[in-house]
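The values are calculated or read from the model by the stated rules, or taken from the named source; none is laboratory data. Keep in mind that what you see is a predicted model, and the values were worked out from it rather than measured. Virtual Cβ from ideal backbone geometry, glycine too; neighbours counted across all protein chains shown. Side chains included, ligands, DNA and RNA excluded: accessible areas come from the protein's heavy atoms. Shrake-Rupley method; radii C 1.70, N 1.55, O 1.52, S 1.80 Å.
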Amino acid sequence: MAEKTMAEGLTRRAFLKSTGAALGAASTCGMLGALAGCAPQVPAEKNEEGEGLSATGSETLHFAGSCRGNCNQGCFLDLHVRDGKLVRVTNGEFLDPQYNRICFKGMSLPQRVYNPDRIKYPMRRVGERGSGEWERISWDEAIQIITDKWKADIEKYGNQSIGWYTAAGNSGVALTIALGRLQGLIGGVQIAYDVDNEFNKGMLESLGRFKKVFNGNDPSDYVNAKTIIFIGSNFTDSRYQEWHWVHEAQEKGCKLIVVDPKFSGTAAKADIWVPIRPATDSILFMAMGNIIIEKGWTDEEFLKTNTVGPFLVKEADQTFLRKSDLDATVGEEDDDLIVIDAATKKPVASKECADPMLTGTYEVEGFKVTTGYDLYVEAIAPYTKEYAAEACNVPVEMIDEITEVYCANTPSSLYQGLGHEHRQNAHKAYLASNALAMLTGNIGKSGASAGFYRPRGTYNVPDILPVEGSEPIGELVEISSSEMVKFFETGDYAGEKIPLKNLLVMSGDWFHTHGNRQALIKAIDSLEMLVVIDFQMNDTTRYADILLPCTDWFEELDVQGWKTLYPFLLMQDKAIDPLYEAKSDCEIAKLLIHAMGYPEWWDWTQEEMLEAAYGTEMWNDLKENKCVWAPYHVENDYHYIYGEDGVWGTDTTKLNLYVEKPIRGGSDAIPCKENDLGWQHVPGFLPPHEAWNQAAAGFEKNPLADKYPLSLMQEHAKYGTQTQFSHVPNIRELDPEPSVFISPADAEARGIEEGDEVRVFNDRGETVVRARIHNGMPQGLASMPNGFTADQYISGSICDVMNDEDSAACPNFNINDQLVEIEKH
Ligand SMILES: Nc1nc2c(c(=O)[nH]1)N[C@H]1C(S)=C(S)[C@@H](COP(=O)(O)OP(=O)(O)OC[C@H]3O[C@@H](n4cnc5c(=O)[nH]c(N)nc54)[C@H](O)[C@@H]3O)O[C@H]1N2
Ligand SMILES: Nc1nc2c(c(=O)[nH]1)N[C@H]1C(S)=C(S)[C@@H](COP(=O)(O)OP(=O)(O)OC[C@H]3O[C@@H](n4cnc5c(=O)[nH]c(N)nc54)[C@H](O)[C@@H]3O)O[C@H]1N2
Ligand code: SF4
Ligand SMILES: [Mo]
């Protein structure tokens, strides 16, 4: 009986220990399955044999669930509930079974639900900030304290005295709406969640996206690829639910190329491992572009019809020449791009030209113009394969070989992860690699993908966020998270005084995602009230003035909205009652909104809210079937291939080999620090801000490297989803404590042995962890995989040495962009 093994064997000891604490406060829902929101997914009579009765004579009920942390996979879950308690989690059944999967984190979720570190009641800080001294208060008191202060501060300083921070704790839709309504009412200051923005910038600029699906093929399509290049992705550890398609492709002869400085789990599966010098990826891809052009492996037809290659770029302002430039009477509706007709060599509107020139510099009615293709070619020309061999520390023969495999063994796909992303200037690597797909036409068809598949299940949420006919208190302004230390010290942001006194953090570990932690801890002294909503303790909750306990994922009704790998929407049943005094994020938002005196801003139940977000028909379908095709796919009923019809999600509907309008990455509300647009139109190379410890590619090493010679990255640990599972016993059994991985050579030079306690430090701070000596690490690179909160380190935290500097072109958490030294503790 598999059920018994899981519930009574693997998890039993830790599970019983923690459920003991939970039982007193938790009421039951399972047996009362007929209650609204508690309807079991599978009727009792369909339960498998042996699962029937518990010791108390109650049966196991099944509810639909989805794993909503930010591992980007969002598995469908079957929640086994007995006597009102979650006793087991197994995978749910998708409409298409090839997506059916679960991992050890999902299976361990009962341990997270009944985790002793859960926040049980509203609490007020009584000791120093961070001292961990709290007193229990009632919900009424908590809401009163918060809203009295908010009201008084809004009166005194205006709505910018209230601020918000949220991240990716729960990819359900309910939370998005809860915070959206609160912010919609109060406005104030949004501290931006500047995550993965070099990736976002590079991917969106070059490939565009559609509102509902972003810009990559459905991952089930990997099975059709003949070559896949993984770049900065430890796919076997960070996307394991998709690996089986890659593996199936490999079994059919697909060649796997892995570009990674470390011999990672994914590299171990590769046909060719390219051990690149960290942060030099864009150079490698520009060199590959040069080889493709030189060898004549370009797909000219594809370039002409699917890319902006033939469009003419004006030398004067680097934008495309349009009909409206030549005739001021042409309106937006009738406007078009101008190209040079290959037969007549005359400028014509692109829609009227079957065969445009891909190359050339021309004079058109006084405008000096060059084709987008030529500007790309000119930009990459200096990055020859010989240059790249030296800069990237990869042999010329290997660069030749991988280029040939990518071009000859088609269809070819690129999968671009984020390992190389988390450093300044990394967006260039995405421009440069996507260009290879455009040059060769390896995009827009089955087996040929370059972008990132991410269906947007939240697509119509923005429409229901404003409350029609109701005036908000004030406008919402956004400020960059990486400016936080400076901002809290001075109160100035971009030359303006912002009277921020209060901050509400929900669904994000603000202190863990930012670098320079000690400076941030000091800087927030100027903050008068930090309110944190979470269901478990994390690095931010420890500094809160008021802590509010929210429900864990299975204690509320929700829909899995985003960060998924499949074309479905998933229902989250309310499978168990909220533990202790936890309330859902929506309920908390409602209490705050009502106490502020604006009940019209929250006059729905959670179910009504979700129905409004999806429309009655879809909502009823979801309620009944739990898993439904996401709307885009219902319309088409097929597995998504981005750009298959030759229409791309960009302004011009073409792929941007040349980027006419460089963007910032995340929100458009925050301008780039320096906007050297000229440099941003085409691929190029600049080293990262700090993590550049060797002279290469014509750039001297960072002078800090004399003192701090090791470049430190943070991989996304196999046994975790950021910090979400940090205190789950099963997970800690697999990966007990924070470590730093270093090469044997670096260890030897420092007299460090496997398992030694070591001090990892730089000018920002230090942390003490255990050293792991890893043959797959290159000399000069160290890695501290993520997944732990500060209390789990011997001392300090990765965030004490982590960089908090923005990119010039794009605000971002550059979590891999730091130099450190390591010594025996
Ligand atoms: N198990 C698990 N899965 C996750 C997450 C998690 O925390 N745990 N987090 C999710 C999230 S939010 C994200 S952003 C992704 C991140 O997951 P990935 O995209 O896989 O990124 P990382 O784990 O940061 O790094 C992947 C690889 O990049 C390599 N790398 C480092 N620097 C460079 C470089 O300069 N060039 C190249 N080519 N490679 C480099 C590293 O050695 C590492 O092997 O994972 C998602 N999935
Ligand atoms: N030091 C460090 N910083 C990093 C990274 C790293 O690896 N190391 N990775 C970077 C990347 S790529 C990413 S994507 C970000 C991720 O940044 P975050 O999204 O902040 O990551 P988590 O640490 O998982 O924090 C999420 C928090 O949300 C809580 N939570 C989960 N569900 C709910 C809910 O329903 N309601 C509420 N109120 N809270 C909930 C969880 O308990 C957890 O405390 O971090 C970035 N910054
Ligand atoms: S952690 Fe990710 S892979 Fe594991 S069950 Fe949850 S969604 Fe699936
Ligand atoms: Mo991320």
Next item on the list: Within segment 370-383, identify whether any single residue is at pLDDT 95 or above and open to solvent by 60 Å² or more (accessible area, probe 1.4 Å), and answer yes or no.
Entry: yes
Item checked: Residue list for segment 471-484, restricted to those being open to solvent by 20 Å² or more (accessible area, probe 1.4 Å) and among the aliphatic types (A, V, I, L, M) -> Ile473, Leu476, Val477
Note to self: Exactly one condition in (1) more than 16 Å from ligand 4 (Cβ to nearest atom); (2) open to solvent by 10 Å² or more (accessible area, probe 1.4 Å); (3) of a type in the set (A, V, I, L, M) is false for Leu418; which is it?
What the structure shows: (1)
Next item on the list: Restricting attention to segment 397-414, report how many residues are closer than 12 Å to Leu284 by Cα and surrounded by fewer than 18 Cβ atoms within 10 Å (Cβ to Cβ).
Entry: 1
Next item on the list: May I ask you to list the residues in segment 771-794 that are over 22 Å from Ala268 (Cα atoms) and within 16 Å of ligand 2 (Cβ to nearest atom)?
Entry: Gly787, Phe788, Thr789, Ala790, Asp791, Gln792, Tyr793
Next item on the list: Would you mind telling me which numbered condition in (1) within 16 Å of ligand 3 (Cβ to nearest atom); (2) aliphatic (A, V, I, L, M); (3) farther than 27 Å from Gly265 by Cα Ala717 fails?
Entry: (3)
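Pick from segment 57-80 the residues that are over 31 Å from the mean Cα position of the chain (by Cα) and either open to solvent by less than 10 Å² (accessible area, probe 1.4 Å) or within 16 Å of ligand 4 (Cβ to nearest atom) (or both): which of them is nearest to Ser108 (Cα to Cα)? If you could, list the steps in order and put the result at the bottom.
In the first step, residues of segment 57-80 are kept if they are over 31 Å from the mean Cα position of the chain (by Cα); the result is 57-61.
Now drop any that are not either open to solvent by less than 10 Å² (accessible area, probe 1.4 Å) or within 16 Å of ligand 4 (Cβ to nearest atom) (or both), which leaves 58, 60.
Numbers: Ser58: 23, Thr60: 18 Å.
Here the residue is Thr60.
Going by what's in this entry, would Gly720 be described as open to solvent by less than 30 Å² (accessible area, probe 1.4 Å), within 22 Å of the chain's Cα centre (by Cα) and in contact (Cβ under 8 Å) with a residue 12 or more places away in the chain? Walk me through how you get there before you give the answer.
Numbers: open to solvent by less than 30 Å² (accessible area, probe 1.4 Å): yes; within 22 Å of the chain's Cα centre (by Cα): yes; in contact (Cβ under 8 Å) with a residue 12 or more places away in the chain: yes.
Yes: the conditions hold for Gly720.
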Margin query: Of the conditions (1) open to solvent by 10 Å² or more (accessible area, probe 1.4 Å); (2) part of a loop (DSSP other than H, G, I, E, B); (3) in contact with a Pro (Cβ under 7 Å, 6 or more places away or on another chain), Thr564 satisfies every one except a single condition; which number is it?
Written below: (1)
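So which residues in segment 793-814 are touching a His at 6+ places or on another chain (Cβ under 8 Å) and either modelled with pLDDT under 95 or more than 17 Å from Ala426 (Cβ to Cβ) (or both), if there are any at all?
As a first pass, look at segment 793-814 and keep what is touching a His at 6+ places or on another chain (Cβ under 8 Å): 794, 797, 799, 802-805, 807, 809-810, 812-814.
Once the filter is applied, which keeps residues that are touching a His at 6+ places or on another chain (Cβ under 8 Å) and either modelled with pLDDT under 95 or more than 17 Å from Ala426 (Cβ to Cβ) (or both), segment 793-814 yields Ile794, Ser797, Cys799, Asn803, Asp804, Glu805, Ser807, Ala809, Cys810, Asn812, Phe813, Asn814.
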Next item on the list: Could you grab the pairs with beta carbons closer than 6 Å, sequence gap of 6+ or different chains, first residue in segment 460-480 and at negative phi, second one outside any loop (DSSP other than H, G, I, E, B) and at pLDDT below 90?
Entry: Ile479/Tyr493
Notebook entry, point to check: Does Asp800 meet the test of being open to solvent by less than 30 Å² (accessible area, probe 1.4 Å), of a type outside the set (Ser, Thr, Tyr) and more than 16 Å from ligand 1 (Cβ to nearest atom)?
Noted result: yes
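Hey, can you tell me all the residues within segment 732-741 that are farther than 22 Å from Ser795 by Cβ and either in contact (Cβ under 8 Å) with a residue 60 or more places away in the chain or open to solvent by less than 20 Å² (accessible area, probe 1.4 Å) (or both)?
Step one: of segment 732-741, the residues farther than 22 Å from Ser795 by Cβ are 733-734.
If the condition is that a residue be farther than 22 Å from Ser795 by Cβ and either in contact (Cβ under 8 Å) with a residue 60 or more places away in the chain or open to solvent by less than 20 Å² (accessible area, probe 1.4 Å) (or both), then Leu734 is the only one that fits.
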Next item on the list: Scan segment 803-825 for residues that are of a type outside the set (A, V, I, L, M), open to solvent by less than 30 Å² (accessible area, probe 1.4 Å) and in contact with a Leu (Cβ under 7 Å, 6 or more places away or on another chain) and jot them down.
Entry: Gln818
Next item on the list: Please work out if Glu489 is assigned to a strand (DSSP E or B), surrounded by fewer than 21 Cβ atoms within 10 Å (Cβ to Cβ) and more than 13 Å from ligand 2 (Cβ to nearest atom).
Entry: no
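Restricting attention to segment 172-203, and to residues there that are aliphatic (A, V, I, L, M) and under 14 Å from the mean Cα position of the chain (by Cα), which single residue is surrounded by the most Cβ atoms within 10 Å (Cβ to Cβ)?
In this case the residue turns out to be Met203.
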Next item on the list: Find the residue count for segment 309-355, including only residues that are closer than 26 Å to Thr298 by Cα, open to solvent by 60 Å² or more (accessible area, probe 1.4 Å) and charged (D, E, K, R).
Entry: 6
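Name the residues in segment 598-636 that are among the hydrophobic types (A, V, I, L, M, F, W, C), farther than 27 Å from Asp78 by Cβ and surrounded by fewer than 19 Cβ atoms within 10 Å (Cβ to Cβ), would you?
First, the residues of segment 598-636 that are among the hydrophobic types (A, V, I, L, M, F, W, C): 601-602, 604, 609-610, 612-613, 618-619, 622, 627-630, 634.
Among the residues that remain, those that are also farther than 27 Å from Asp78 by Cβ are: 601-602, 604, 612.
Trp604, Ala612 - these are the residues of segment 598-636 that are among the hydrophobic types (A, V, I, L, M, F, W, C), farther than 27 Å from Asp78 by Cβ and surrounded by fewer than 19 Cβ atoms within 10 Å (Cβ to Cβ).
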Next item on the list: Looking only at segment 374-408, count how many residues are under 31 Å from the mean Cα position of the chain (by Cα) and either of a type in the set (Phe, Trp, Tyr) or over 20 Å from Ala429 (Cβ atoms) (or both).
Entry: 3
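Conditions tested, residue by residue: (1) among the charged types (D, E, K, R); (2) more than 16 Å from ligand 2 (Cβ to nearest atom); (3) in a strand (DSSP E or B); (4) within 30 Å of His639 (Cα to Cα).
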residue: His62; (1), (2), (3), (4): no, yes, yes, yes
residue: Leu79; (1), (2), (3), (4): no, no, yes, yes
residue: Phe94; (1), (2), (3), (4): no, yes, no, yes
residue: Ile154; (1), (2), (3), (4): no, yes, no, no
Item checked: Residues satisfying the stated conditions in segment 781-796, i.e. assigned to a loop (DSSP other than H, G, I, E, B), within 16 Å of ligand 1 (Cβ to nearest atom) and of a type outside the set (A, V, I, L, M, F, W, C) -> Pro785, Asn786, Gly787, Thr789
Margin query: Quick check on my filter: what residues within segment 92-107 are open to solvent by 50 Å² or more (accessible area, probe 1.4 Å), away from ligand 1 (no atom under 16 Å from the Cβ) and either of a type in the set (Gly, Ala, Ser) or out of contact with any His (no Cβ under 9 Å at 6 or more places or on another chain) (or both)?
Written below: Glu93, Leu95, Pro97
